[in-house]
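Each remark here refers to the structure printed beneath this line.
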Amino acid sequence: MATVDGAYDCVTKTPMGDQSSVFTVISNGDSFHGTNAGPMGSLDVTDGKVDGNRLTWKMEMTIPMPMTLEAEAIIEGDTLTGTIQLGAFGSAAMTGTRRG
């Protein structure tokens, strides 16, 4: 079984343009915690779940507006491919590569 832990250099394609971040995953059985840190600050992972190589989690955004982001991603090798639900703004594709 592939491990999901690590720091991933990510790009999220948002309505405000591409947002770079470092997404950190620290798993513990079927759950995980971590952060998604970018130029606008760091968001803590809440309700992180691990199902094989599939991750689901939430993040509470406050800037530029309060919003709960719901995200999911699949880890294949060192590649992360996912989607973040942006409330009324639809969804944003998220891709990343695990740091060596």
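The values are calculated or read from the model by the stated rules, or taken from the named source; none is laboratory data. Given the structure is predicted, the values throughout are model-derived calculations rather than measurements. Please note: Cβ atoms are built from the backbone with ideal geometry, for glycine as well, and neighbour counts cover all protein chains shown. We work out accessible area using only protein heavy atoms, side chains counted, and drop any ligands, DNA or RNA first. Shrake-Rupley method; radii C 1.70, N 1.55, O 1.52, S 1.80 Å.
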Practice task
Would you mind telling me the share, in percent, of accessible area of the chain contributed by carbon and sulfur at probe 1.4 angstrom?
Solution key: 54
Handout entry: Environment charge of G6, counting only residues whose C-beta is closer than 15 Å and scoring Lys/Arg +1, Asp/Glu -1
Key = -2
Handout entry: Solvent-accessible heavy-atom area per residue, rounded to whole Å², over the chain at 1.4 Å
Key = 56
Fill in the blank from the handout: Per the rule of 0.36 nm per residue minus the C-alpha distance, extending D78 to D51 adds in nm 8.0 nm
Problem - Relative contact order (percent, whole number), the chain, Cα cutoff 8 Å, 6+ residue spacing - result: 24
Fill in the blank from the handout: Full extension between N28 and M67 adds, at 0.36 nm per residue less the Cα distance, a length in nm of 11.4 nm
Practice task
For the chain, give the magnitude of the charge dipole about the Cα centre (Cβ charges: +1 Lys/Arg, -1 Asp/Glu; no others), in debye to the nearest 20.
Solution key: 140
Handout entry: Reported label for calculated semi-axes √(5λ) of the Cα gyration tensor in Å given (i) 21, 14, 12; (ii) 18, 16, 15; (iii) 33, 14, 10
Key = (i)
